[in-house]
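Asks: Sharing a structure here in structure tokens format.
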Amino acid sequence: MTAATQTCGTLFIVPTPIGNLEDITLRALRTLKEVDLIAAEDTRHSRQLLTHFGINTPLISYYREKEAERSEEIILRLEEGKNVALVSDAGTPGISDPGAVVVRQAHEKGITVVPLPGASALTTALSGSGITSTGFLFLGFLPAKSSQRRKALAALSSCEYPVVVYESPRRIDALLADALEILGERQAFWARELTKTFEDLQSGTLSDLLEKSKDGRNRGEFVVVICPGAKEEVKGQTLEELILWYRDNSELSLKDVSRQLAADLGISRSQIYQQALALWNK
Ligand code: SAM
């Protein structure tokens, strides 16, 4: 035990429900009751939850825009020996929510961090998806700006894992339309309004989901899973034939094709890039 851990309080990371209040754990309730202070993303929002459970622990705010500043304040309280619980508006702090900055600072100072397991839209959606892959790539929110979102999607074209993203109802149409255009037809899944009255799980192609999203009844928050593209057999004997096959049969960029072929053939990427560049717009 370091000097810090002997005198400092503990930082508890406490997940809260993503809709259904019954999803809070007994340990989360006890922790929220016992700590000296709760650092919350939105104190008014968290106060409602705490009031529901008869908890009146003092709250301080901890939100993204002031994360660095607020972290310092929380660390000071921990150094004074106070126990602090960190909560976000819903789900697990630090998962597409503020939290990581204060956790990192606590580690640096030798302060004990205790993360509690609990609700997260990510794990809830995946467990209900029926997607059998052993791994997945979680990206949180893709950029809101269309050009940046499309760039992010293009970078995922050869990802061999299901990609999981969070999305708001305002952008679900745009996300699905961009994904279809950039990645081509794929199997996909959405989980909407998880744990709430109008919970909705949908599997289908990107086109199916895009169609459904256009019916205008897509209120609520979404988790979207986009499955990897079907692997087509690459045809070609020479480097030139292989480059042309990728150009004509895949959505990969010139750069991605060079990277892929360099890995497959064990030759330098720049050598392939030069040849691909000469062939690309022929
Ligand atoms: N930290 C949270 C977690 O552990 O899930 C995520 C916070 S992030 C700011 C909010 C996003 O999570 C929403 O825009 C949505 O994509 C997803 N989300 C949160 N609650 C959800 C729910 N009940 N159903 C579906 N998605 C949800």
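Asks: Take the conditions touching a residue at least 24 places away in the same chain (Cβ under 8 Å) and over 12 Å from PHE222 (Cα atoms) and apply them to ALA125. Does it pass? Working first, answer last.
Replies: On the way: touching a residue at least 24 places away in the same chain (Cβ under 8 Å): yes; over 12 Å from PHE222 (Cα atoms): no.
So ALA125 fails the test.
Asks: For segment 177-198, name all the residues that are under 23 Å from GLY135 (Cβ atoms) and more than 10 Å from the ligand (Cβ to nearest atom). Break it down into steps so the answer makes sense when it comes.
Replies: Applying the first criterion (under 23 Å from GLY135 (Cβ atoms)) to segment 177-198 yields 179, 182-191, 194.
Result: ALA179, ILE182, LEU183, GLY184, GLU185, ARG186, GLN187, ALA188, PHE189.
Asks: Same structure again: With the requirement that a residue be under 14 Å from VAL223 (Cα atoms), more than 9 Å from the ligand (Cβ to nearest atom) and either buried (at least 16 other Cβ atoms within 10 Å of the Cβ) or in contact (Cβ under 8 Å) with a residue 40 or more places away in the chain (or both), what does segment 160-173 give you?
Replies: Residues satisfying the conditions are PRO162, VAL163, VAL164, ARG171, ILE172, ASP173.
Asks: Another question about this same structure. With at pLDDT below 95, farther than 25 Å from THR123 by Cα and not charged (D, E, K, R) as the only criterion, which of THR57, THR5, THR10 stands out? Don't jump to the end; show me each part of the working.
Replies: Numbers: THR57 fails: at pLDDT below 95; THR10 fails: at pLDDT below 95.
Sole residue among the options that is at pLDDT below 95, farther than 25 Å from THR123 by Cα and not charged (D, E, K, R): THR5.
Asks: Could you name every one of the helices (runs of 4 or more DSSP H) located completely within segment 39-130 that has at least 3 residues being hydrophobic (A, V, I, L, M, F, W, C) and within 14 Å of the ligand (Cβ to nearest atom)? Talk me through it step by step, then tell me what you get.
Replies: Values: elements: 43-52, 67-79, 100-108, 121-127.
Per the criteria, 121-127.
Asks: Restricting to segment 131-151, give me the number of residues that are at pLDDT 95 or above, of a type in the set (A, V, I, L, M) and either away from the ligand (no atom under 12 Å from the Cβ) or more than 17 Å from the chain's Cα centre (by Cα) (or both).
Replies: 1
Asks: Given LYS255, LYS212, LYS282, which one is surrounded by fewer than 16 Cβ atoms within 10 Å (Cβ to Cβ), in a helix (DSSP H, G or I), without any contact (Cβ under 8 Å) to a residue 24 or more places away in the chain and among the basic types (Lys, Arg)? Steps first, please.
Replies: Values: LYS212 fails: surrounded by fewer than 16 Cβ atoms within 10 Å (Cβ to Cβ); LYS282 fails: in a helix (DSSP H, G or I).
Of LYS255, LYS212, LYS282, the one residue that is surrounded by fewer than 16 Cβ atoms within 10 Å (Cβ to Cβ), in a helix (DSSP H, G or I), without any contact (Cβ under 8 Å) to a residue 24 or more places away in the chain and among the basic types (Lys, Arg) is LYS255.
Asks: Let me ask something else. Can you pull out every residue in segment 17-32 that is more than 9 Å from the ligand (Cβ to nearest atom) and touching a residue at least 60 places away in the same chain (Cβ under 8 Å)?
Replies: Going residue by residue through segment 17-32, those that are more than 9 Å from the ligand (Cβ to nearest atom) are 21-32.
If the condition is that a residue be more than 9 Å from the ligand (Cβ to nearest atom) and touching a residue at least 60 places away in the same chain (Cβ under 8 Å), then ASP23, ILE24, THR25, ARG27, ALA28, THR31 are the ones that fit.
The values are calculated or read from the model by the stated rules, or taken from the named source; none is laboratory data. For clarity, every value in this text was computed on a predicted model and none was experimentally measured. Backbone-built Cβ (ideal geometry, glycine too); neighbour counts: all protein chains shown.
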